[in-house]
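These notes concern the structure reproduced below.
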Amino acid sequence: MVTSRRRSQGITVYTDRSDGVPILLNIDILKPALLLVDEPSLGLGPRLAQRALTSLRELNERSGTAILLVEQNVREALAIAQRVYVIRQGRVVLTEVPSNITREALQQAFLG
């Protein structure tokens, strides 16, 4: 595992270089106000992907850490999100709470 730290920015990145899968170990100890997570399920099997996303939701509930999640698996992302922003070509095209999002709204947001 490689840990890189940009001291001037206070950023710590944990990455397992052997397969490119990020590792979040004891992130609770760091007590971040905001955690940026890019494609946590990428390259993972369904069970492990579900476990990763569930862990993020539990982290948010337990510590109050805000999580900005970028995820291609829309169904799983909607299951853990409190607020959804769909960005297409650099513009926010949909902002909503998951319970109010319809299939048609998602299709319009993603396909235009």
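The values are calculated or read from the model by the stated rules, or taken from the named source; none is laboratory data. All values derive from a computational prediction rather than experimental measurement. Virtual Cβ from ideal backbone geometry, glycine too; neighbours counted across all protein chains shown.
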Quick one: Gly45 ticks every box in (1) at pLDDT 70 or above; (2) surrounded by 13 or more Cβ atoms within 10 Å (Cβ to Cβ) except a single one, so which number is it?
(2)
Answer yes or no: is there a residue in the range 57-64 that is surrounded by 13 or more Cβ atoms within 10 Å (Cβ to Cβ), in a loop (DSSP other than H, G, I, E, B) and either among the small types (Gly, Ala, Ser) or modelled with pLDDT of 80 or more (or both).
no
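When you scan the range 70-112, how many residues do you find that are in a strand (DSSP E or B), surrounded by 10 or more Cβ atoms within 10 Å (Cβ to Cβ) and not β-branched (Val, Ile, Thr)?
From the range 70-112, those in a strand (DSSP E or B) are 70, 84-88, 91-96; that's our starting set.
From what's left, surrounded by 10 or more Cβ atoms within 10 Å (Cβ to Cβ): 70, 84-88, 92-96.
Filter again for not β-branched (Val, Ile, Thr), leaving 85, 88, 94, 96.
Result for the range 70-112: 4.
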For the range 66-75, check the following and say yes or no: at least one residue is under 25 Å from Leu106 (Cα atoms), modelled with pLDDT under 85, not assigned by TED's automatic domain parsing to the domain that holds Gln107 and not hydrophobic (A, V, I, L, M, F, W, C).
no
Scanning the range 23-40 residue by residue, the ones that are modelled with pLDDT of 85 or more and either assigned to a loop (DSSP other than H, G, I, E, B) or under 30 Å from Glu104 (Cβ atoms) (or both) total 5
Subset of the range 69-85 [over 17 Å from Gln50 (Cα atoms) and either among the hydrophobic types (A, V, I, L, M, F, W, C) or in contact (Cβ under 8 Å) with a residue 60 or more places away in the chain (or both)]:
Val84
